[in-house]
Amino acid sequence: MKRVRQQKILQLIKEHPVASQRDLVRALAAAGFKVTQATVSRDIRELGLVKVAADGGLRYVAPRTRGKSNLDEARFRRLIRDAVVDIETSENLVVVKTFPGAAQGVASAIDQVEWPGVIGTVAGDDTFLIVVKPRSRAAEVRDRLRALLAGEKRE
């Protein structure tokens, strides 16, 4: 039952924007699954779902499979412009400040684009870290993000 329910969750978030756990509980109920918000919360965690900014709001998305990004370049640029407030570096870390609730979605997008030198991200609510190796690439990653924030196209 759990596996079937989780497959249904993945289908629902792919086909419809689902912004909250409450919305997901309702959508599952409409599909014939009687679940509590606590169950949905566990399913979200187990499936690795993240919230991303999309179409003027937030929505759950499934993590991508390795090597296949579900985020095109235009959406990525728009996400950076819509959510990021400030970008700084410290040693081999890029510190990115976002609007409240947006850090995890933007960090996931950074992981998806697989920039050279980016090892991974660690996100909170409104701040996330990009871990960069070697240290000399941190400024490059920061500058690339700043260019996206300014609306510049940069390869």
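For the chain, what is the Kirkwood estimate of the hydrodynamic radius, computed as the reciprocal of the mean inverse distance between distinct Cα atoms, to one decimal in Å? Could the numbers behind the result be given before it?
Working: mean 1/r = 0.0610 Å⁻¹.
Averaging 1/r across every pair of different Cα atoms and inverting gives 16.4 Å.
Could you sort PHE99, PHE76 by accessible area so the largest value comes first, with the probe set to 1.4 Å?
Sorted descending by solvent-accessible area, the residues read PHE99, PHE76.
What does the charge count near SER20 come to, summing +1 for each Lys or Arg and -1 for each Asp or Glu among other residues with Cβ under 11 Å from its Cβ?
+3
What size of dipole, in debye to the nearest 20, comes out for the chain about its Cα centre when the only charges are +1 on Lys and Arg C-beta atoms and -1 on Asp and Glu C-beta atoms?
660 debye
Given the options GLY117, GLY101, GLY32, state which has the largest fluctuation in a GNM of the chain using a 10 Å cut-off (strictly under) for Cα springs.
Checking each option, the largest mean-square fluctuation is seen for GLY32.
Charges on Cβ only, +1 for Lys and Arg, -1 for Asp and Glu, centred on the Cα centroid of the chain; of VAL52, PRO116, PRO17, which one is farthest towards the dipole's positive end?
PRO17
Using a Förster radius of 30 Å, what is the FRET efficiency between ALA74 and MET1 based on their Cβ-Cβ separation? Nearest 0.05, please.
E(calc), rounded to 0.05, equals 0.15.
Could you pull out the pairs from LYS14/LYS133; LYS2/LYS133; LYS8/LYS133; LYS97/LYS133 whose alpha carbons sit more than 29 Å apart here?
Violating the 29 Å Cα-Cα cut-off are LYS14/LYS133; LYS2/LYS133; LYS8/LYS133.
Of all accessible surface on segment 1-129 at a 1.4 Å probe, what whole percent is carbon and sulfur? Walk me through the numbers before you get to the answer.
Details: 3660 of 7270 Å².
Answer for segment 1-129 is 50 percent, counting heavy atoms of protein chains only.
Keeping every protein chain in place, order SER136, SER41 by accessible area at 1.4 Å, biggest value first, i.e. largest first. Before the final figure, lay out each step's value.
Values: SER136 95, SER41 40 Å².
Of SER136, SER41, the descending order of accessible area is SER136, SER41.
Starting at the first residue of segment 11-17, write each ³J(HN,Hα) from the Karplus equation 6.51 cos²θ - 1.76 cosθ + 1.60 with θ = phi - 60°, in whole Hz, x for Gly and Pro.
5, 4, 6, 6, 8, 9, x
The values are calculated or read from the model by the stated rules, or taken from the named source; none is laboratory data. Everything numeric here is computed off the predicted structure, so don't read it as measured data. All Cβ positions, glycine included, derive from the backbone under ideal geometry; neighbour counts span all protein chains shown. Calculation scope for accessible area: heavy atoms of the full protein, side chains included, ligands and nucleic acids excluded. Shrake-Rupley method; radii C 1.70, N 1.55, O 1.52, S 1.80 Å.
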